[in-house]
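This report refers to the structure that appears directly beneath it.
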């Protein structure tokens, strides 16, 4: 089926490819590879040196909420379906699937030695997965959703945070109970620096800084809204705290002061990650974009970056329908040799029943709908909007109000998707 356009305000340094909010970002230690996860149910592996998408990973039945890159180059994705998938680059299916959580997984952390993966989930637990194989260790005690996990630099402790207002410091080399610290607000994210400091993101817009024992050192007001994602630069000098209204506070960790604020299009920023240079910050937001920023100046970086350097619609110059479709090329291809992207290929779409294209992981509710894609049904999709016409879809809401534009789009698709 057709996924709606990425209809956001222009911004520099964008990576376009996801069909939904970008929920997770992970950067390789050499700064060459980015792994992003999205509410659209996909993960994308990007080459940051070439600024292109290299592979789209589809496995999860729901949003990809967390990602990680292992030391051996493999990718990890974790979803709202409660599963963790481990992928070898270039393969179309995961090598390993880790199951045990009974609710959405929302955060991952890799131990410093690369041997253990920690996952936080809304089933109120943290799980420690030995990557060499074996049963997971389950850490229980939180009474509400667990939203973040982080390892200490020596790998001897793990910190978790939850909606239950508690931050817990778990000793991993002994069976001792965790140290429990209660803070004034529900907690959405946590990071640890190499010197052992802990920073936790509060739903009251504050960042709480604690020492390695859990003693509260300071509070920094990052935003008037909930802080929902955090990251620290590799050298520990900067903290990035993203809020639900779309800005990112850059905090000088030494002075505990707000150094500057990055302001995007005003939509939630769900994920942040620093490049190894300690100054470049990547953000992923509800507008489906991944943006680059200079965290030292607060300025966006570079020119607009497309998922592919080739303009697949160049041969349709002057075609009004192609112009309407242009915003959709980030998620859809038109020919079978190009395959699926964040959304399914539209090749041969007319006459095909909804959610039946082989090789694409459709939402379960779509499989129950009695819709065959015709010029009339595609037009209706954008007349009333995906939420109304295809309830249960993961595609962004998109309505084309102009009858002429809908007609032009349908006529273009009839020509361009014909096998």
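Derivation of every value follows stated rules applied to the coordinates shown; laboratory data play no part. This is a predicted model, so every value here is computed, not measured.
Summary of computed values
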read-out: On Cα atoms only, tilt of 375-384 relative to the major axis of the chain in degrees; value: 40 degrees
read-out: √(5λ) per eigenvalue of the Cα gyration tensor, region 59-131, largest first, Å; value: 18, 15, 9
read-out: Rg/Rh for region 314-416, where both radii come from Cα atoms and Rh is the Kirkwood radius; value: 0.93
read-out: Global size of region 29-101 as Cα Rg and Dmax, reported in angstrom; value: 11.6, 37
read-out: Long-range Cα-Cα pairs in region 172-237 (distance over 18 Å), rounded percent; value: 38 percent
read-out: Dimensionless Rg/Rh of region 14-300 - Kirkwood Rh, Rg from C-alpha atoms; value: 0.93
read-out: Helix 403-416 axis, angle to the chain major axis (alpha carbon atoms, nearest 10°); value: 90 degrees
read-out: Sum of -39500 (n - 2.57) over DSSP H runs of 4+, divided by residues of the chain (222 nm, nearest 500); value: -2500 deg cm²/dmol
